[in-house]
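Asks: Dumping the structure here so I can ask a few things about it.
The values are calculated or read from the model by the stated rules, or taken from the named source; none is laboratory data. Treat the numbers as computed from the prediction; the structure is a model and nothing was measured. All Cβ positions, glycine included, derive from the backbone under ideal geometry; neighbour counts span all protein chains shown. Just the protein is used for accessible areas: all its heavy atoms, side chains included, with ligands, DNA and RNA removed. Shrake-Rupley method; radii C 1.70, N 1.55, O 1.52, S 1.80 Å.
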Amino acid sequence: MQGPPTAMSETVRQELAGIVGDKYALTKSQDMQPYFTEGNERFDSQAEMVLRPGSTGEVAAIVKACGAASVPIVPQGGNTNFVGGTIANGGVVVNMGRLNRVREVDGLNFTMTAEAGCVLADLQTAAAEHERLFPLSLGAQGSCMIGGNLSTNAGGVGVLRYGNTRDLTLGLEVVLPNGDVWNGLRGLRKDNTGYDLKHLFIGGEGTLGIITAATLKLFPLPAHFHTAFVGVEEIGAAIEIFGLMRQAGGDQLTAFELMSKAGVECFETHLGAPGNPLSATYPYYLLVEMSDHSADGAAAGAFESGLSEALERGLAQDVVITQSRQQYLELWHMRHDLPMTYPKDGAVFGNDVSVPVSQIPALFERVLPAVEAACPGIRPVPFGHIGDGNIHFSLLQPVGMAPADYLVRRPEIAKIVTDIARDLNGSFSAEHGIGLFKRETFTSWKSPVEVEMMRALKTAIDPHNLMNPGKIFADL
Ligand SMILES: Cc1cc2nc3c(=O)[nH]c(=O)nc-3n(C[C@H](O)[C@H](O)[C@H](O)COP(=O)(O)OP(=O)(O)OC[C@H]3O[C@@H](n4cnc5c(N)ncnc54)[C@H](O)[C@@H]3O)c2cc1C
């Protein structure tokens, strides 16, 4: 990130406070602190103000005023990105939480238009109230906001069937760095009229503009979910089961998630909630789900026969098919909250890598011995969206090691994991983006041609570099 910008004048502060009203222009350290917390961590954000606009017009006025005074802007949603994407180095944080209206649900068009500050779980509920499904689902859904999901192109547990946030988006409303409002809220599935500009802002991490609203795709609400918890001895078997279940269920297979024995035990120990429902423990567990639209739950047949074959072929060691809503909720609670229990067991860091699904066994075969050799006693607790080839290769510190001694080795050990993913034609950031923390990997990994194209877009759309400066690119 570039050096700190010059402090804002009192006139600019007053102008910005005048746009949102004093109540929503925070300047005291204790008032701003809640907006400087990312996940479990507090960070040293240097914002001079946190602004909480209540309309697109207020966002546009803030951006215009900041542009005139050269004040950098950090857009912010629920602050759950984990890559330092909302850390400010001077200027203002624009928190979008007050833009939280669902503007329209068009059930017949299977679309919903919602403002950027809507919390993801609230959008799922709003869709369900209209007997529709908004399928984006992730562990942070109680606090992340759709504007943040769009800006990070969030993935989650339904990508296998429904795609990333990008695939769920038909239109956007965006305040551009010059303060203009682009209204691209089209509910069209076909619209080949020039460049598809929304894709610049989806996954743009707030570096090209502030998303204020989106038109999102909805889907038919499944009548039944067939869900199973499966114990497996090794990762190769998990991938074989994936192929088998996909063949059995086709597009009805909507989730195929991985957890490890050590990870599940961490969850059981630290949350004391129901964990592994099987009668024995296994090195890895799968949470497998098929969504069924038939009233009589006809897909149960395909689901059960796929799992039976996995047992018969010795790929699965044991299976529990959920028998109650309670058990279903408990298993998903474990899957979503499991990684949040890791820090209770010591210092931990994640590696959000992806590889082609067929290469996942190779990823495990190479990463596990390599990290053990680098740091004897290290405790791998991988989990994630194995059906998408996306493993959060979390690594807990060896028992007894001082957390600081472990964390200082993070870059070296993380590089081991990402280098192997790279070798297997993978990605070093499957879901969370680049933010502040992955900028060096970004420039060393991406080709100069790719980085140059991205820089050209950034400088064309935000020539004064006021939109989330220092994110993605270290020098912009
Ligand atoms: C428990 C847990 C589980 C998670 N699981 C997943 C998962 O399965 N899949 C996944 O993809 N991610 C996951 N994440 C990461 C995170 O939830 C996502 O990246 C999410 O999309 C971030 O949304 P947010 O509202 O918190 O955005 P923030 O963290 O506030 O912001 C993220 C980025 O978007 C920018 N931004 C925010 N709002 C706007 C806007 N309106 N306009 C322009 N830019 C904006 C910010 O400047 C920042 O660069 C998880 C996080 C946690 C804590």
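Asks: Does the range 355-371 contain any residue that is of a type in the set (D, E, K, R) and not in a helix (DSSP H, G or I)?
Replies: Residues of the range 355-371 that are of a type in the set (D, E, K, R), as a first pass: 365-366.
The next check asks that each one be not in a helix (DSSP H, G or I); those that pass are none.
So far as the range 355-371 goes, no, none of its residues is of a type in the set (D, E, K, R) and not in a helix (DSSP H, G or I).
Asks: Just checking, how many residues over the range 179-205 are assigned to a strand (DSSP E or B) and of a type in the set (Phe, Trp, Tyr)?
Replies: Final tally of qualifying residues: 1.
Asks: Sticking with this one: Hey, could you check the range 207-224 for residues that are out of contact with any Phe, Trp or Tyr (no Cβ under 7 Å at 6 or more places or on another chain) and open to solvent by 10 Å² or more (accessible area, probe 1.4 Å) and say which is nearest to Leu331 (Cα to Cα)? Outline the logic, then answer.
Replies: Going through the range 207-224, the residues out of contact with any Phe, Trp or Tyr (no Cβ under 7 Å at 6 or more places or on another chain) turn out to be 207, 210, 212-215, 220-224.
Next, from what is left, pick out any that are open to solvent by 10 Å² or more (accessible area, probe 1.4 Å): 220-224.
Working: Pro220: 23, Leu221: 20, Pro222: 19, Ala223: 19, His224: 16 Å.
Filtering first and then ranking leaves His224.
Asks: Taking the range 423-470 as the region of interest, how many residues are farther than 18 Å from Gly67 by Cα and in a loop (DSSP other than H, G, I, E, B)?
Replies: Counting residues in the range 423-470 that are farther than 18 Å from Gly67 by Cα and in a loop (DSSP other than H, G, I, E, B) gives 16.
Asks: Here is a list: Val230, Val174, Val157. Which entry is open to solvent by less than 10 Å² (accessible area, probe 1.4 Å), under 30 Å from Glu312 (Cα atoms) and not in a helix (DSSP H, G or I)?
Replies: Numbers: Val174 fails: under 30 Å from Glu312 (Cα atoms); Val157 fails: open to solvent by less than 10 Å² (accessible area, probe 1.4 Å).
Only one candidate passes the filter, namely Val230.
Asks: Name every residue in the range 255-293 that is buried (at least 20 other Cβ atoms within 10 Å of the Cβ), of a type in the set (S, T, N, Q) and farther than 14 Å from Leu331 by Cβ, in order of residue number.
Replies: Those that are buried (at least 20 other Cβ atoms within 10 Å of the Cβ), of a type in the set (S, T, N, Q) and farther than 14 Å from Leu331 by Cβ: Ser260, Ser291.
Asks: Could you check Leu315 against (1) over 24 Å from Phe219 (Cα atoms); (2) part of a loop (DSSP other than H, G, I, E, B); (3) among the hydrophobic types (A, V, I, L, M, F, W, C); (4) open to solvent by 40 Å² or more (accessible area, probe 1.4 Å) and say which number it fails?
Replies: Here Leu315 meets the rest and fails (4).
Asks: Okay, moving on. Being among the aliphatic types (A, V, I, L, M) and touching a Gly at 6+ places or on another chain (Cβ under 7 Å) is the filter; apply it to the range 341-361 and report the residue that is nearest to the ligand (Cβ to nearest atom). Quick ask: steps written out before the conclusion?
Replies: Step one: list which residues in the range 341-361 are among the aliphatic types (A, V, I, L, M), which gives 347-348, 353, 355, 357, 360.
Still in the list and also touching a Gly at 6+ places or on another chain (Cβ under 7 Å): 353, 355, 357, 360.
On the way: Val353: 13, Val355: 17, Val357: 17, Ile360: 17 Å.
Top of the filtered list is Val353.
Asks: Run Val71 past the list (1) closer than 26 Å to Asn465 by Cβ; (2) within 14 Å of the ligand (Cβ to nearest atom); (3) among the hydrophobic types (A, V, I, L, M, F, W, C) and report the number of the one that doesn't hold.
Replies: If we test Val71 against (1) closer than 26 Å to Asn465 by Cβ; (2) within 14 Å of the ligand (Cβ to nearest atom); (3) among the hydrophobic types (A, V, I, L, M, F, W, C), just (2) comes out false.
Residues are listed down the side, and each one gets a yes or a no for (1) more than 9 Å from the ligand (Cβ to nearest atom); (2) out of contact with any Lys or Arg (no Cβ under 6 Å at 6 or more places or on another chain):
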| site | (1), (2) |
| --- | --- |
| Gly84 | no, yes |
| Arg98 | yes, no |
| Ala121 | yes, yes |
| Gln124 | yes, yes |
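Asks: Taking interchain pairs and intrachain pairs at least six residues apart, which have beta carbon atoms under 9 angstrom, with the first residue in the range 194-209 and over 15 Å from Pro75 (Cβ atoms) and the second more than 12 Å from the ligand (Cβ to nearest atom) and among the aliphatic types (A, V, I, L, M)?
Replies: Lys198/Leu170
Asks: Does the range 144-152 contain any residue that is within 12 Å of the ligand (Cβ to nearest atom), hydrophobic (A, V, I, L, M, F, W, C) and at pLDDT below 95? Give the derivation first.
Replies: To start, the set of residues in the range 144-152 that are within 12 Å of the ligand (Cβ to nearest atom) comprises 144-152.
Next, only the ones that are hydrophobic (A, V, I, L, M, F, W, C) stay: 144-146, 150.
Add one more test, that the residue is at pLDDT below 95, and what stays is none.
Scanning the range 144-152, I find no residue that is within 12 Å of the ligand (Cβ to nearest atom), hydrophobic (A, V, I, L, M, F, W, C) and at pLDDT below 95, so the answer is no.
Asks: Also, quick follow-up: So, Ser429, is that one touching a Pro at 6+ places or on another chain (Cβ under 9 Å), in contact (Cβ under 8 Å) with a residue 40 or more places away in the chain and closer than 28 Å to Leu331 by Cα or not? Don't jump to the end; show me each part of the working.
Replies: On the way: touching a Pro at 6+ places or on another chain (Cβ under 9 Å): no; in contact (Cβ under 8 Å) with a residue 40 or more places away in the chain: yes; closer than 28 Å to Leu331 by Cα: yes.
No; evaluated as a whole, the condition is false for this residue.
Asks: Let me ask something else about it. Name the residue, out of Gly84, Gly142, that is in a loop (DSSP other than H, G, I, E, B) and either surrounded by 23 or more Cβ atoms within 10 Å (Cβ to Cβ) or on the phi > 0 side of the Ramachandran plot (or both). Break it down stepwise before answering.
Replies: Working: Gly142 fails: either surrounded by 23 or more Cβ atoms within 10 Å (Cβ to Cβ) or on the phi > 0 side of the Ramachandran plot (or both).
Checking each option against the conditions leaves just Gly84.
Asks: For the range 347-393, enumerate the residues that are open to solvent by 20 Å² or more (accessible area, probe 1.4 Å) and of a type in the set (Gly, Ala, Ser).
Replies: Hits for the range 347-393 are Gly350, Ser354, Ser358, Ala362, Ala370, Ala373, Ala374, Gly377.
Asks: Here's a check for you: in the range 154-184, which residue that is small (Gly, Ala, Ser) and under 22 Å from Phe82 (Cβ atoms) is farthest from the ligand (Cβ to nearest atom)? Lay out the reasoning, then the answer.
Replies: The initial filter retains those residues of the range 154-184 that are small (Gly, Ala, Ser), namely 154-156, 158, 163, 171, 179, 184.
Filter again for under 22 Å from Phe82 (Cβ atoms), leaving 154-156, 158, 163.
Working: Ala154: 3, Gly155: 4, Gly156: 4, Gly158: 10, Gly163: 12 Å.
Step by step, filter the range 154-184, then rank; the result is Gly163.
Asks: Same structure, new question: Within the range 112-139, restricting attention to residues that are in a loop (DSSP other than H, G, I, E, B) and among the aliphatic types (A, V, I, L, M), which residue is farthest from the chain's Cα centre (by Cα)?
Replies: Here is the first cut: in the range 112-139, the residues in a loop (DSSP other than H, G, I, E, B) are 116-118, 130-131, 134-139.
Next, from what is left, pick out any that are among the aliphatic types (A, V, I, L, M): 116, 136, 138.
Working: Ala116: 15, Leu136: 10, Leu138: 7 Å.
Within the range 112-139, the match that is farthest from the chain's Cα centre (by Cα) is Ala116.
Asks: Here's something else I'd like to know. Determine if the range 395-404 includes at least one residue that is more than 16 Å from the ligand (Cβ to nearest atom), under 27 Å from Ala255 (Cα atoms) and part of a strand (DSSP E or B).
Replies: First, the residues of the range 395-404 that are more than 16 Å from the ligand (Cβ to nearest atom): 395-404.
Keeping just the survivors that are under 27 Å from Ala255 (Cα atoms) gives 395-396.
Remaining after also requiring part of a strand (DSSP E or B): 395-396.
Yes - at least one qualifying residue is present in the range 395-404.
Asks: Tell me which residues, restricted to the range 54-78, are in a loop (DSSP other than H, G, I, E, B) and in contact (Cβ under 8 Å) with a residue 60 or more places away in the chain. Quick ask: steps written out before the conclusion?
Replies: Of the range 54-78, the ones in a loop (DSSP other than H, G, I, E, B) are 54-55, 69-72, 77-78.
Selection gives Ala69, Ser70, Val71, Pro72, Gly77, Gly78.
Asks: Quick test of your reading of the structure: Val102 fulfils all but one of (1) open to solvent by 30 Å² or more (accessible area, probe 1.4 Å); (2) modelled with pLDDT under 95; (3) within 22 Å of the chain's Cα centre (by Cα). Name the failing condition by number.
Replies: Of everything listed in (1) open to solvent by 30 Å² or more (accessible area, probe 1.4 Å); (2) modelled with pLDDT under 95; (3) within 22 Å of the chain's Cα centre (by Cα), Val102 misses just condition (2).
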